[in-house]
1. Being part of a loop (DSSP other than H, G, I, E, B) and more than 23 Å from the chain's Cα centre (by Cα) is the filter here, so list the residues in the range 80-95 that pass it.
2. Read through the list (1) under 29 Å from L66 (Cα atoms); (2) outside any helix (DSSP H, G or I); (3) at pLDDT below 95, then give the number of the only condition that P147 fails.
3. Report, by residue number, each residue of the range 1-24 that is over 15 Å from S229 (Cα atoms) and loosely packed, with under 15 Cβ neighbours inside 10 Å.
4. Does the range 129-142 contain any residue that is farther than 17 Å from A63 by Cα, modelled with pLDDT of 95 or more and of a type outside the set (A, V, I, L, M)?
5. All but one of (1) of a type outside the set (V, I, T); (2) in a helix (DSSP H, G or I); (3) modelled with pLDDT of 95 or more; (4) over 16 Å from V14 (Cα atoms) hold for A64, so report the exception by its number.
6. Taking the conditions exactly as written (touching a helix residue (DSSP H, G or I) at 6+ places or on another chain (Cβ under 6 Å) and closer than 22 Å to L234 by Cα), does G98 satisfy them or not?
7. Tell me which of these I215 doesn't satisfy, since it passes every other one: (1) at pLDDT 80 or above; (2) assigned to a helix (DSSP H, G or I); (3) crowded, with 16+ Cβ neighbours inside 10 Å; (4) not aromatic (F, W, Y).
8. Taking only the range 1-54 into account, find how many residues are under 30 Å from K232 (Cβ atoms) and of a type in the set (D, E, K, R).
Amino acid sequence: MSDLKIYPAWDAGVRWFHWLNLLCLLGLIAVGVAILNGKALGVTTDGKILLKTVHVWIGYVFAANLLWRLIWAFIGGPHARWRAMMPGGRGYMSEVRGYIADSKAGRPRQYIGHNPIGRLAVAILLLLLLMQAVTGLVLAGTDLFYPPIGSWIANWVALPGLDPATLQPYAKETYNEAAYEAMRAFRKPFITIHYYGLYTLLAFGLVHILAVVKIELDGGGNLVSAMISGKKVLSGTPADEAKSD
């Protein structure tokens, strides 16, 4: 067996994003489940507004953190950049086939950054996170009149002669009924995507955890501790060592 060697893998920007993203997702899921089961839990209207307010503020942190990661993909370390974490490029499919073949043969390739299957998973994850962030921001406006579109929604549904800035959630007596119903129709596809996106993320998260455990057990690298320390301890020559120069 080759001597172990330490490689710098994940820079601070990637690590902070990862753990803050996890905390935000856990908070959003917990509050979201409470909102969805509000009737069964006996949540009052005021309580529901409070839960949605907390959900939105966690969502703002989540969206800002995601935006930071997208920017960091242009300016971060070599393994944080788009070309290192997105699937595709010259030889990508050959790399995927080789990675799968070596894994089946019991000699998994080790990578400083993402392996080729991991790169595909990152692309799917970022798409899901972006979808949840965008739909969540729309729902923040249609539910609570919060930015970025809350003022536009308030202007849309307010009764004629009423200051839209004074509108409160669930105060239907201050809404133009026809405009409110039209707004609800506009909102419906966003809430459907957001709702099913939650369960898709939960399923993806489970697959992600199982994949990390399998890679660690198969000797593909110390993925969990590397996301804390930023360093990978590998026993062989990394398949992406030349790309990290």
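The values are calculated or read from the model by the stated rules, or taken from the named source; none is laboratory data. As the structure is a prediction and not an experimental result, all values here were calculated from the model. Neighbour counts run over all protein chains shown; Cβ positions are idealised from the backbone, glycine included.
1. Within the range 80-95, G89, R90, G91 meet the criteria.
2. Going through the list (1) under 29 Å from L66 (Cα atoms); (2) outside any helix (DSSP H, G or I); (3) at pLDDT below 95, P147 breaks only (3).
3. So the first thing to find is which residues in the range 1-24 are over 15 Å from S229 (Cα atoms), and the list is 1-4, 20-24.
Scanning the range 1-24 gives M1, S2, D3, L4, L22, L23.
4. Residues of the range 129-142 that are farther than 17 Å from A63 by Cα, as a first pass: 142.
Still in the running and modelled with pLDDT of 95 or more: 142.
Next, from what is left, pick out any that are of a type outside the set (A, V, I, L, M): 142.
Checked the range 129-142: at least one residue is farther than 17 Å from A63 by Cα, modelled with pLDDT of 95 or more and of a type outside the set (A, V, I, L, M).
5. (4)
6. Values: touching a helix residue (DSSP H, G or I) at 6+ places or on another chain (Cβ under 6 Å): no; closer than 22 Å to L234 by Cα: yes.
Against the criterion (touching a helix residue (DSSP H, G or I) at 6+ places or on another chain (Cβ under 6 Å) and closer than 22 Å to L234 by Cα), G98 does not qualify.
7. Going through (1) at pLDDT 80 or above; (2) assigned to a helix (DSSP H, G or I); (3) crowded, with 16+ Cβ neighbours inside 10 Å; (4) not aromatic (F, W, Y) one by one, I215 breaks only (1).
8. Qualifying residue count, the range 1-54: 4.
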